[in-house]
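Chemist: Structure incoming, see below.
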Amino acid sequence: MKANRMEAFSDGVLAIIITIMVLEFKVPEDHDWGALVELGPKILSYIFSFVYVGIYWNNHHHLLHMVRNMSGRLMWLNLLLLFWLSLVPFTTAWMGESHFAGTPTALYGIILMLAAFAYWLLQRAIIKQHTSDSAFVMAVGRDIKGKISPFLYLIAILTAYVSPWISGFFFVLVAVIWFVPDKRIEHALRSR
């Protein structure tokens, strides 16, 4: 199997994840702006998750363009990443419904941290397959964003019980760090 087939499958799963999240919205019974204000926590949790799924989609796309040889290991690690991301709609809905209560917000962070770990495993497996491609290995090798993100998720998880605003700050911080696709991979792709 070529990497583009795995990428196409992953794109489909990520599109379904976003669709499930938006289907969680129920039309308000009232017909004024106040009805939308009541949906504020749901809308905010949806925005968080939409951005996160978009970030994963974007960086996953770049990462898979580095794959030269597909293996069963890569396919299983990719499925592990998709598994954790498939739980994002559930935690998104629970977090929004609960108005960012401690436990749903902490679970949201745990799911994001496990997705980050799965992404890291996938990235490491791809690096292992391409040890002869020094440009790629050097491009991904330091991975400061990948090393700091789990630490920030952990802070977000722990502060979820203190304040949803503090926890949310760390979720936003990780999103900002990853918002721009990994320039190291783009550079390695151009140098091929």
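The values are calculated or read from the model by the stated rules, or taken from the named source; none is laboratory data. All values reported here derive from a predicted model rather than from experimental measurement. Glycine also receives a Cβ, built like all others from the backbone with ideal geometry; neighbour counts cover every protein chain displayed.
Chemist: Quick one: which of ASN78, ASN69 is outside any helix (DSSP H, G or I) and touching a residue at least 60 places away in the same chain (Cβ under 8 Å)?
Modeler: ASN69
Chemist: State yes or no: is VAL27 at negative phi and at pLDDT 95 or above?
Modeler: Taking the combined requirement at face value, the residue does not satisfy it.
Chemist: Another question about this same structure. Filter the range 1-50 down to residues that are free of Cβ contacts under 8 Å to residues at least 60 places away in the same chain and either touching a strand residue (DSSP E or B) at 6+ places or on another chain (Cβ under 9 Å) or assigned to a loop (DSSP other than H, G, I, E, B) (or both), then give me how many there are.
Modeler: Adding up the residues that qualify gives 9.
Chemist: For the range 122-144, give me each residue that is modelled with pLDDT of 70 or more, crowded, with 16+ Cβ neighbours inside 10 Å and either under 19 Å from PHE48 (Cβ atoms) or not small (Gly, Ala, Ser) (or both).
Modeler: If the condition is that a residue be modelled with pLDDT of 70 or more, crowded, with 16+ Cβ neighbours inside 10 Å and either under 19 Å from PHE48 (Cβ atoms) or not small (Gly, Ala, Ser) (or both), then LEU122, GLN123, ILE126, ILE127, GLN129, HIS130, ASP143 are the ones that fit.
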